[in-house]
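Below is one structure, written out as structure tokens, with a few remarks after it.
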């Protein structure tokens with residue numbers, strides 16, 4: 001058991017990853033032959049093919065872009081809104097948001113510090129990084145953002161390693177979402193997808209439209225998504241997660257690599273939650 005979240009590197013997926021590395025050919029990733037549509041459609045079909053979560057509203061996002069994992073999407077969101085809005089995220093959120101804000105001198109305030117205001121822009125992960133499920137104030141916060149026309153970025157990086165989530169993207173405030181394969185499939189390749197309701201003339205979108213990104217990683221990701229469906233990790237590890245948690249006296253979260261403790265587990269207390277990563281135990285159980 002460890003405090004920080006450690007991605008689960010599945011041996012079968014990793015073996016296929018390196019097999020695909022030996023199969024890629026120059027013509028398959030050549031600029032003139034490459035299709036952004038193939039990458040985007042493969043990713044969206046992979047998401048929609050999952051049965052362990054429910055997700056509504058994907059079709060409302062008209063614009064797509066290749067992303068270097070989810071971090072690039074977070075960075076662009078902060079860059080876009082930080083000049084005229086205050087950035088909001090939970091104190092238990094993924095630390096990248098705080099690092100980016102501090103690095104470029106953008107004002108931010110934790111969600112726990114007060115209600116949403118009209119000049120805010122919100123970052124929130126789903127499943128939530130703090131507890132592997134849902135941030136406790138999520139629904140109230142979304143309601144405030146809808147009422148005040150506050151833009152929200154939903155970080156869905158844990159989507160492929162979670163279950164039981166009902167994610168409604170039809171809320172007007174949710175303007176963009178970030179998906180990543182780093183947690184469920186290919187940590188080494190750093191491939192992701194940004195979907196937005198409006199077009200953004202930023203470098204993430206420009207580079208994606210021009211196909212100026214790591215097409216080798218994207219090609220391998222497409223092959224892996226064909227072989228390993230969105231349900232792969234949950235189907236393989238969910239029973240193990242439950243068994244490990246029962247044996248250790250902790251509670252499984254909606255994210256297969258995360259569990260929740262209580263005041264008996266003070267060494268795992270992290271910004272309001274006793275969050276415990278059980279990736280090592282899952283791999284040992286194999």
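The values are calculated or read from the model by the stated rules, or taken from the named source; none is laboratory data. Remember, it's a predicted structure, so these values are computed and weren't measured experimentally. Note: ideal-geometry Cβ built from the backbone for every residue, glycine included; neighbour counts use all protein chains shown.
Structure data summary
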item: Test: residue 122 is assigned to a strand (DSSP E or B) and more than 23 Å from residue 213 (Cα to Cα); result: yes
item: Elements of type strands (runs of 3 or more DSSP E) contained in the range 19-94, each with 2 or more residues being modelled with pLDDT of 95 or more and surrounded by 19 or more Cβ atoms within 10 Å (Cβ to Cβ); result: 63-67, 86-89
item: Conditions (1) touching a helix residue (DSSP H, G or I) at 6+ places or on another chain (Cβ under 8 Å); (2) outside any loop (DSSP other than H, G, I, E, B); (3) within 14 Å of residue 88 (Cα to Cα); (4) in contact (Cβ under 8 Å) with a residue 40 or more places away in the chain: number failed by residue 112; result: (1)
item: Selected residue (criterion: surrounded by the most Cβ atoms within 10 Å (Cβ to Cβ)) from residues of the range 214-229 that are in a loop (DSSP other than H, G, I, E, B) and at pLDDT 95 or above; result: 228
item: Cβ-Cβ under 9 Å pairs, at least 6 apart or on other chains, the range 226-238 side within 16 Å of residue 20 (Cβ to Cβ), far side part of a loop (DSSP other than H, G, I, E, B); result: 228/10; 228/184; 228/185; 232/10; 232/184; 232/185
item: Test: residue in the range 246-263 that is out of contact with any helix residue (DSSP H, G or I) (no Cβ under 7 Å at 6 or more places or on another chain), assigned to a strand (DSSP E or B), modelled with pLDDT of 95 or more and surrounded by 18 or more Cβ atoms within 10 Å (Cβ to Cβ); result: yes
item: Residues (touching a helix residue (DSSP H, G or I) at 6+ places or on another chain (Cβ under 7 Å) and not in a helix (DSSP H, G or I)) located in the range 95-109; result: 106, 108
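Here is a yes/no grid of residues against (1) in contact with a strand residue (DSSP E or B) (Cβ under 8 Å, 6 or more places away or on another chain); (2) closer than 19 Å to residue 113 by Cβ; (3) at pLDDT 95 or above:
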site	(1), (2), (3)
131	yes, yes, yes
136	no, yes, yes
143	no, yes, yes
149	no, no, yes
166	yes, no, yes
169	yes, no, yes
174	yes, no, yes
